[in-house]
Amino acid sequence: MEWSILFQTLIAGIMVGGLYGLIGMGMAINFGVLRIINLAQGELLMVGMYVCYWLFTLYKLDPLLSPLITVPFLFLLGVTIHRFLLTPLMRARAPAENQILLTVGVGLVLTNLALLMFTANYRSVSTSYSTELISLGNLSVSLPLTLAFAFALAISGSLYLFLTKTELGKAIRATAQDPEAALLMGVNVDRVSVITFGIGAALEGAAGSLLIIVYYLFPALGGIFTLKAFIVVVLGGLGSTIGALLGGLTLGIAESLGAVYVSTGYKDAIGFIIFVLVLIFRPAGLVGRARM
Amino acid sequence: MLKLTTIEVCYGDVQALWGVSLEVHKGEVVALVGANGAGKTTTLKTISGLLRPSSGKVEFLGKRIDTIPPYQLADLGIAHVPEGRRLFPLMTVRENLEMGSFPPDAREKREESLEWVFQVFPILKERHKQLAETLSGGEQQMLAIGRGLMARPKLLLLDEPSLGLAPILVKEIFETIKAISREGVTLLLVEQNVQQALGLANRAYVLENGRIVLEGAGKELLENDHVKRAYLGL
Ligand SMILES: Nc1ncnc2c1ncn2[C@@H]1O[C@H](COP(=O)(O)OP(=O)(O)OP(=O)(O)O)[C@@H](O)[C@H]1O
Ligand SMILES: [Mg+2]
């Protein structure tokens, strides 16, 4: 067994895992507060990537700077979806299944809009650093992946600080833990619900800006990543953002090991096997109940 | 200060309150007592806006409050310490207290209020970094009351603060309630511990099957035959 290959595989897995974690966090924070899984999470990521792609292609904006635009853009998109589609359902006290189905519909619409506007072509951005490698001894890691990982950690860290240190962040956590008690504290829980959905979408905007420098883009990508986000969130213990990061790392490492030591063809299957094993042996997720 | 006029409240088709009228004056301790299912919690929830009356009205400081959004009530000066404590289990003691001072007016006085609450409940200061779910039952009740005090309320609604506590703690909680009242907070207290509640209250109401059946001074009700038979087991 070649140790350097193992290390290299692990490092790549951890880095991809950091991105998966960020993608899952949006779904986790939504579930925490709204108590529904947003099954359009991957499609929102896809929208973020297209925004990023066009900013790069038309205006040469570096993807790593594009969160300045994708984050507010996706936040507004999320708020709009909540305000005009989810809010009416919630007001009518529609069952959670209907709300989840609505998000599936939103995902379908977004995918088909992308297909109509941008065709099914695969696209990618090539930046000055796209193909560069960092070498450490006989290990080499892709520079864009390293950058994406570092940014993903920074964004996760900011989310953590936001949730623990700001009034709004604490109100979001309080609402997730006991909405009625939060209301008694004077928290406008309806507004928190809208803002949280916006933040969940904004996180996909940020993740899209990072994913595009290491991956390619096509309209149907949303479904694939909604599924990954779902696995990540369940692995992490539904509703926990910290858990999502751990879930992401687990999935990233598992996929990466599977691709190298089993077969690239089984990469996704290995993700599922881990998913099922965790559900069987740790049904509350890897971290169980977490503070955020 | 607080005035309920012929309130009716329903859960779906089931009516829980029938023409309930009651008043709380500034500086008073008012007790609301009654058996399980009488509608005590329902009354408090209606005051704090978690439930809407189907008829009747709720006024606070001369202003109608059953039509304004419930999240605005905390800022008006009503704090509700709910039945079952309803802490934020995965937040620390300190974070729970901070949430109590979420309303804008209370937020400005947060540090001052924290000192006050830590003075009333020294144990909370010791435990301030601990997650609320890891506290003992008694400590959780103190935290729930402390969180209510953090709002600097004009009116504090307490729903069965002594429920599930050992007798010695029950005594302590009642002492604390007295102390809070002496600090100028008006109190509406729901209790099944009728003896203690009536002993403490300036005035009291007895609720049965969603209707107010008796009202009067606390001490006076302690002598009432019906109260003695139905609630004091005498
Ligand atoms: N969410 C609900 N849905 C339907 N009925 C309810 C609900 N909550 C309370 N009720 C009913 O309303 C009535 C009053 O309940 P409430 O909780 O106000 O009583 P309580 O006096 O607080 O009793 P306890 O001392 O047991 O807390 C009861 O008959 C109860 O079954
Ligand atoms: Mg009750």
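Coordinate-derived values only; no laboratory data. Keep in mind that this is a model prediction, so the values were computed, not measured. Please note: Cβ atoms are built from the backbone with ideal geometry, for glycine as well, and neighbour counts cover all protein chains shown.
Data overview
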| read-out | value |
| --- | --- |
| Cβ-placed point charges (K, R +1; D, E -1), dipole of the stretch A:2-281 about Cα centre in debye, nearest 20 | 440 |
| Scattering curve values for chain A, log₁₀ I(q)/I(0), Debye with Cα scatterers, q = 0.09 Å⁻¹ | -0.42 |
| Most mobile listed residue (A:A152, A:A202, A:A259) in chain A, GNM with C-alpha springs under 10 Å | A:A259 |
| Trypsin sites (Lys or Arg not before Pro) restricted to the stretch B:1-84 and DSSP loop, no more than 14 other C-beta within 10 Å | B:K26 |
| Positive dipole terminus of the protein assembly as shown, leading residue within A:A259, B:Q195, A:L74 (C-beta point charges) | A:L74 |
| Across B:K26/B:K63; B:K40/B:K154; B:K154/B:K228; A:K170/B:K129; A:K170/B:K26; B:K3/B:K40, pairs whose alpha-carbon gap is larger than 22 Å | B:K154/B:K228; A:K170/B:K26 |
| Rounded if a/c under 1.5, otherwise prolate or oblate - the stretch A:210-262, Cα gyration tensor axes | oblate |
| Within the protein assembly as shown, helix-based [θ] at 222 nm, where runs of 4 or more DSSP H residues each add -39,500 (n - 2.57), nearest 500 | -18000 deg cm²/dmol |
| Relative packing of B:29-39, B:131-141, B:4-14, which averages over residues the other C-beta atoms within 10 Å, highest first | B:29-39, B:131-141, B:4-14 |
| Calculated from backbone phi, Karplus (6.51, -1.76, 1.60) coupling profile of the stretch A:26-37 in Hz, x at Gly/Pro | x, 5, 5, 5, 4, 5, x, 9, 8, 6, 10, 7 |
| Loop-resident sites, the stretch B:140-197, for GluC sites (Glu not before Pro), counting at most 16 other Cβ within 10 Å (DSSP) | B:E183 |
| Residue of A:Q177, A:Q99, A:Q41 that the Gaussian network model of chain A assigns the largest fluctuation, springs spanning Cα pairs under 10 Å | A:Q177 |
| Largest-first ellipsoid semi-axes for the protein assembly as shown, taking √(5λ) over the Cα gyration tensor eigenvalues, angstrom | 54, 24, 20 |
| With at most 10 other Cβ atoms within 10 Å, longest stretch of chain A clear of loop trypsin sites (Lys or Arg not before Pro) (DSSP) | A:94-292 |
| Most fluctuating residue given options A:P95, A:P63, A:P72, as computed from a GNM of chain A linking Cα atoms under 10 Å | A:P95 |
| Neighbour-count ranking [beta-carbon atoms within 10 angstrom, fewest first] of B:T92, B:T46, A:T166 | A:T166, B:T92, B:T46 |
| Fewest-first ranking of B:R229, B:R110, using other Cβ atoms within 10 Å as the exposure measure | B:R229, B:R110 |
